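Quick notes on the structure that follows.
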Amino acid sequence: MAPTVLFILISSFFVPAHSLLEPTDQAFTSVVLSRQGLDFLKDLLVDKAVSSIIPLKLPKIEKSVRIPFVGSVHMVLSDTKIYEIDVSESYVKPGDAGIVIIVSGATCNLSMNWYYSYSTWLAPVEISDTGSASVQVEGLEVGLTLGLENDEGTLKLSLMECGCYVRDISIKLDGGASWLYQGMIDAFEDQIGSAVENAITKKLEEGILKLDSFLQALPKEIPVDDNASLNVTFVKDPSLSNSSIGFEINGLFTERKRDLVPKYRSANTQPSVFCPDSSKMLGISLDEAVFNSASFLYYNATFMRWIVDKIPDQSLLNTAGWRFIIPQLYKKYPNDPMNLNISFSSPPAIRIAENDIDATVNVDLIIDVLDSSEVIPVACISLVIRASGLVKIAGNNLAGSVKLNDFTMSLKWSNIGNLRLYLIQPVMWTIIQTVFLPYANSHLGKGFPLPIIHGFTLHNALIICSDSRIIVCGDVAYKESNNFSQLLTHLVDKRRLPLLDV
């Protein structure tokens, strides 16, 4: 039994196991960032941008001015650094023109050293002085317009517009005879403001390039185990509304290191994520086709078969335990040990309905007798098991469990004559409940990863089962213990992309 229940699903119909494998660019998973999710992401990006900008060194500024009765005075501002930025207000607004991020009313503090020198006709020697100064920039406005598009299955981020404006600057000088020259230093206000605007704009441009490299380096597959991966390539461009951003992802299970999946009918072409609680940051819609792609893949990988040689009622693995149920078995092989060879005869079919998940599993159970170290198949019973499922969130995984609704059985073949199936049915019920379901649930309980970027965790999630899909709605948190810059470096280096200092 394969691990099948966690991160990505959307709509469509499952094609029988004999369908051909072929590449697909269809979307079977939708992810929507709500207004709350966009605000969270915007706040995180603003915080990271601020921390990456400071300390920021500005270029040296020189200026010569003529002062009455003094003459020409040469002034220099050096070692100018922005060491603090405080953002009081910001907002994000997606739309047809792109994603607009505005920071308003911000302040930043600078430190610098100043120097001046001059000579006059009264004194033929040069007069100079030095000191330090503190500068406060108020009313700092920053605006970005970002473009986001699909680039061969990955997200490409582009900077469409970027601007920075300084409204007001106040300067306080310390050291030497600085009080005499406050007016002269104020003459640098425009140059300081321009230097701040240019330096912040340049850093933001570099930061967007770095963030684009990060998005480009995101993997197109998420490994689930040694057999399967989730295809998380993006399909189509993101859809931007005035309050959310929607993404469409392929979302199907694929064989590791291969891009082939079962052929499915097209899913809904529009992202369909409805969260009854509008305060949730994130919505993920997973179609039943995702689960069925998992069952198809594991079935073709011959993963859905195993030999049972230990069960809670071990007497059922000896022909003596069957002497009143199948007398001819005990008569032909008295007191011989047995194995149960269980295999799926077709991929499990999963159907998702309103508040309900159903699975139909076709299983062949072969009774093997171990006679003098020889394995002797004696009979094969076909089972059609109907089960209902429950899903839950386990970390960033979608996990689940199944319980038995009912089953039917038929004799497929027998080397020991006809079997009275009504006598065998209670034994099969016990085997399903004590062997088959615990084994399946041990895998389903692990789940599979939802499409959430590394470093973010899902919180306060609720799960909704609707027609042909499972919807996960929740909030996200960022792990501050994870070094974001190291993460970017790791992913970008894997793609050998240039990594800019931020």
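Here are the numbers for the structure shown:
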item	result
Flag if Tyr83 is among the hydroxyl-bearing types (Ser, Thr, Tyr), open to solvent by 60 Å² or more (accessible area, probe 1.4 Å) and at pLDDT 90 or above	yes
Extreme residue, surrounded by the most Cβ atoms within 10 Å (Cβ to Cβ), among residues of the stretch 310-350 that are basic (Lys, Arg) and under 20 Å from Arg420 (Cα atoms)	Lys332
Out of Thr430, Thr457, Thr434, Thr408, sole residue that is of a type in the set (Ser, Thr, Tyr) and either modelled with pLDDT under 90 or within 17 Å of the chain's Cα centre (by Cα) (or both)	Thr457
Within the stretch 77-131, considering residues that are in a loop (DSSP other than H, G, I, E, B) and not small (Gly, Ala, Ser), the one nearest to Val196 (Cα to Cα)	Val87
Selection status of Ser134, assigned to a strand (DSSP E or B), among the polar types (S, T, N, Q) and either in contact with a helix residue (DSSP H, G or I) (Cβ under 8 Å, 6 or more places away or on another chain) or modelled with pLDDT of 90 or more (or both)	no
Qualifying position, being open to solvent by 10 Å² or more (accessible area, probe 1.4 Å) and part of a strand (DSSP E or B), among Val435, Val391	Val391
Residue within the stretch 28-46 that is of a type in the set (Gly, Ala, Ser), modelled with pLDDT under 90 and either surrounded by 16 or more Cβ atoms within 10 Å (Cβ to Cβ) or in a strand (DSSP E or B) (or both) present	no
Matching residues in the stretch 366-388 - criterion: being open to solvent by less than 20 Å² (accessible area, probe 1.4 Å) and farther than 23 Å from Leu297 by Cβ	Ile367, Asp368, Val369, Val378, Ala379, Cys380, Ile381
Count of residues meeting criterion [in contact with a Pro (Cβ under 9 Å, 6 or more places away or on another chain) and either closer than 25 Å to Ser315 by Cβ or assigned to a strand (DSSP E or B) (or both)] in the stretch 394-412	3
Wholly enclosed strands (runs of 3 or more DSSP E) of the stretch 317-383 bearing at least 3 residues among the polar types (S, T, N, Q) and either in contact with a helix residue (DSSP H, G or I) (Cβ under 8 Å, 6 or more places away or on another chain) or free of Cβ contacts under 8 Å to residues at least 60 places away in the same chain (or both)	338-344
Residue match in the stretch 298-309 (condition: part of a loop (DSSP other than H, G, I, E, B), surrounded by fewer than 22 Cβ atoms within 10 Å (Cβ to Cβ) and out of contact with any helix residue (DSSP H, G or I) (no Cβ under 9 Å at 6 or more places or on another chain))	yes
All strands (runs of 3 or more DSSP E) inside the stretch 181-274 with 3 or more residues being at pLDDT below 85 and open to solvent by less than 40 Å² (accessible area, probe 1.4 Å)	none
Matching entry among Ser72, Ser51 (being surrounded by fewer than 21 Cβ atoms within 10 Å (Cβ to Cβ), modelled with pLDDT under 85 and more than 21 Å from Val232 (Cβ to Cβ))	Ser72
Answer from Asp151, Asp168 - the residue that is touching a Phe, Trp or Tyr at 6+ places or on another chain (Cβ under 9 Å) and at pLDDT 85 or above	Asp151
Conditions (1) open to solvent by 60 Å² or more (accessible area, probe 1.4 Å); (2) modelled with pLDDT of 90 or more: number failed by Ala289	(1)
Pair list, Cβ < 6 Å and 6+ apart or interchain, from the stretch 448-475 residues that are over 24 Å from Pro219 (Cα atoms) and aromatic (Phe, Trp, Tyr) to residues that are open to solvent by 30 Å² or more (accessible area, probe 1.4 Å) and not in a loop (DSSP other than H, G, I, E, B)	none
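The values are calculated or read from the model by the stated rules, or taken from the named source; none is laboratory data. In this text the structure is predicted, and so the values were computed from the model without any measurement. Every residue, glycine as well, gets a Cβ built from its backbone with ideal geometry; the counts of neighbours run over all protein chains shown. Areas reflect the complete protein model, heavy atoms only, side chains present, ligands, DNA and RNA absent. Shrake-Rupley method; radii C 1.70, N 1.55, O 1.52, S 1.80 Å.
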